[in-house]
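Only one structure is covered here, and it is reproduced in the block below.
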Amino acid sequence: MGYGESGGWSENFSTRKLNKSCKIRSKRSMKAKASTGAQSSFLMPTLAAQLDPRQPLKKLADTLPWQKFEEAFGKFYSPEGRPAKPVRLMVGLLLLKQMFNLGDETVVAAWVQNPYWQYFCGMKEFQWSLPCDPSDLVYFRQRIGEEGTELILKTSAELHGEKAQESEVVIDTTVQEKNVTYPTDSKLCRKIIGRCWKVADKSQIKLRRRYGKLVRKCVMAQRHRRDSKQRKVAQRALRRMKTIAGRLLRELERKLPAEVKERERENFALYRRVLRQEVADKEKIYSLHEPQVYCVAKGKEHKKYEFGSKASLVMTKGSGVIVGALAHERNLYDGDTLPLVLEQSQKIRGCATLRAIVDRGYRGRKVVGETEVLVPGKARAGQSRSMTARLRKCFRRRAAIEPVIGHLKEQYRLGRSYLKGFIGDSMNVMLAAAAWNLRKWMREAVLFCLQLLRLLFLPKITTLLPAQT
């Protein structure tokens, strides 16, 4: 656990009294001191003076309102204790991680090698050491929570100005898969048995029988469960594994001390629920370490079932700025997700949405609050040709959100969520949308510079060319 994010103890720990006020202060880190921006060494120029001012990431660093993050996240730090890492550094690392599709460890390691990344995170001089421990990013995400991540998404949308204030938006849902293996009953039973062994070894409980050799045989029998000749053998082995898991679980409940049994009470309840569930049950458990994961069938030919959480995305119709990104804790019908995601979009943009263009998965919803919902379908009786052509144009534009979802999954870490719990899924989808907005702003900044150069120098070049006779 890094002191920079979670430690609040001062260096003279041996001379400090262990009183209640000290324990309260240890829960928070001291707020980092604001950088003065002065040059610390007269022998070397500042980092800003060495970098290319035309580089898009440098322009983005100079444009983002970092002071807003300092004011919003400053409440999570105490005025006493060991100084924490700067807020700009932590927010910058989160954004760089999503923008360049990296993990916590890889983004920290790559930060040392890239001067533009260091300038983006607020460094005045080139640093030779790691900015923080990778686990500090975990603690920082836990500090800011979903509200802080939503503020980052809101700030990324505000960079686009009036483009994010369009009255017409495009909405679609996708599945954000969780970092879990494909669930089978045999895998879950095997994990339950292994966890029971760990609890017994840790508590020094001698089991009547561990069933190690028998469990290995049952696992080997599952390798040919798709073969019609070996299917009955695999089913018999699966029933045997469930029986073994139940025996170990009951024996631990009898022999464990009261305090250990109370600590493992929720886990044991989860294990019993897994052993009791049947094929046709609803709200099944598909993962022991991520029990909130549910199964979503999107009708894809190459991937019939996906295990994770459903996410809704709101994109402006013309400019393609993402102004809403929300994960759903339950597998809702697409039409039932509209009120939630439209409310978030209004909160981010500060204005209501007049028209939402969706696909046929939202059938049954015509109006949600003050928003008109356009769903593809047959033309109404007496509908004019101009209206039909306008609706077709809207629905063709609706298809633009599909490649955006593909880019979010492939390049911005939406394809698989590695963050813990449903809160991690919610934060991951909002950070991916914020990274999309920032990269879009960087591309538009480059195009603007090219157009400006063309306007400035093209007339001069044409005047120098010889006149055609």
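We did not get these values from a lab; they are worked out from the coordinates using the rules stated. Because the structure is predicted, anything quoted here is derived from the model rather than measured. FYI the Cβ positions are ideal-geometry reconstructions off the backbone, even for glycines, and counts take in every protein chain you see.
In the chain, helices alone account for a calculated mean residue ellipticity at 222 nm of -16000 deg cm²/dmol, with every DSSP H run of four or more residues adding -39,500 (n - 2.57). Length gained on full extension, Glu80 to Val279, computed as 0.36 nm times the residue gap minus the Cα-Cα distance: 66.1 nm. Based on the Kirkwood approach, the hydrodynamic radius assigned to the range 90-146 is 11.5 Å, with every pair of different Cα atoms included.
Once the Cβ-Cβ distance of Arg360 and Arg247 is raised to the sixth power relative to R0 = 51 Å, the FRET efficiency obtained is 0.50.
As a length-normalised measure over Cα pairs under 8 Å and 6 or more apart, the relative contact order of the range 247-323 settles at 13 percent. Kindly state, to the nearest 0.05, the FRET efficiency for Ser386 paired with Glu343, given R0 = 41 Å and r defined as their beta-carbon distance. In this case the efficiency is close to 0.80. Multiplying the residue separation of Ala379 and Val112 by 0.36 nm and removing their Cα-Cα distance gives an extension gain of 90.2 nm. Diffusion coefficient (Stokes-Einstein, Kirkwood radius over C-alpha pairs, 10 °C, 1.306 mPa s) for the range 228-276: 130 µm²/s, rounded to a whole number.
Taken one residue at a time, the phi angles of the range 409-425 give Karplus couplings (6.51, -1.76, 1.60, θ = phi - 60°) of 6, 7, 10, 10, 6, 8, x, 8, 8, 9, 8, 6, x, 5, 4, x, 5 Hz. Gly and Pro are set to x. Step through the table entries Lys191/Lys217; Lys178/Lys300; Lys68/Lys97; Lys75/Lys310; Lys85/Lys178; Lys300/Lys347, compare each Cα-Cα distance with 23 Å, and write down the pairs that go over it. Checking Cα-Cα distances, Lys75/Lys310; Lys85/Lys178; Lys300/Lys347 exceed 23 Å. Taking chymotrypsin sites (Phe, Trp or Tyr not before Pro) in DSSP loop conformation with at most 11 other Cβ atoms inside 10 Å as exposed sites, the chain has its longest uninterrupted site-free stretch at 129-417.
Derived value for the chain: Kirkwood hydrodynamic radius 26.5 Å. Basis is the mean of 1/r over every pair of different alpha-carbon atoms.
Among the trypsin sites (Lys or Arg not before Pro) in the range 176-219, those located in a DSSP loop and surrounded by at most 12 other Cβ atoms within 10 Å of their own Cβ are Lys206, Arg208, Arg209. The gain in end-to-end length when the Glu147 to Asn101 segment is fully stretched comes to 14.3 nm, 0.36 nm per residue minus the alpha carbon separation.
Say R0 is 25 Å: what FRET efficiency, to the nearest 0.05, do Arg265 and Asn331 get from their beta-carbon distance?
Details: r = 28 Å, r/R0 = 1.11.
E between Arg265 and Asn331, to the nearest 0.05, is 0.35.
Put a dot 7 Å past the Cα of Arg210, heading toward its Cβ, do the same for Glu70, and the two dots end up 5.8 nm apart. Each 10 Å bin from zero up to the one holding the largest Cα-Cα distance in the range 259-341 carries the following percent of pairs: 14, 33, 30, 16, 7, 1.
Take every Cα pair under 8 Å in the chain that's 6+ residues apart, average their separations, divide by the length, and report that relative contact order as a whole percent.
Relative contact order for the chain comes out at 19 percent.
By other beta-carbon atoms within 10 Å, ranking Lys300, Lys282 with the fewest at the front produces Lys282, Lys300.
For Leu51, the shell of other residues with beta-carbons less than 15 Å away shows a net charge of +1, using +1 for Lys and Arg and -1 for Asp and Glu.
Relative to its Kirkwood radius, the Cα radius of gyration of the range 185-276 gives an Rg/Rh of 1.03. Phi-derived couplings, Karplus 6.51 cos²θ - 1.76 cosθ + 1.60 at θ = phi - 60°, listed residue by residue for the range 241-249: 5, 5, 5, 5, 4, x, 5, 5, 5 Hz, with x used for Gly and Pro. Please identify every one of the GluC sites (Glu not before Pro) in the range 240-309 that sits in a loop by DSSP and has no more than 13 other beta carbons within 10 Å of its own beta carbon. Those that pass, being in a loop and sparsely packed, are Glu278, Glu283, Glu301.
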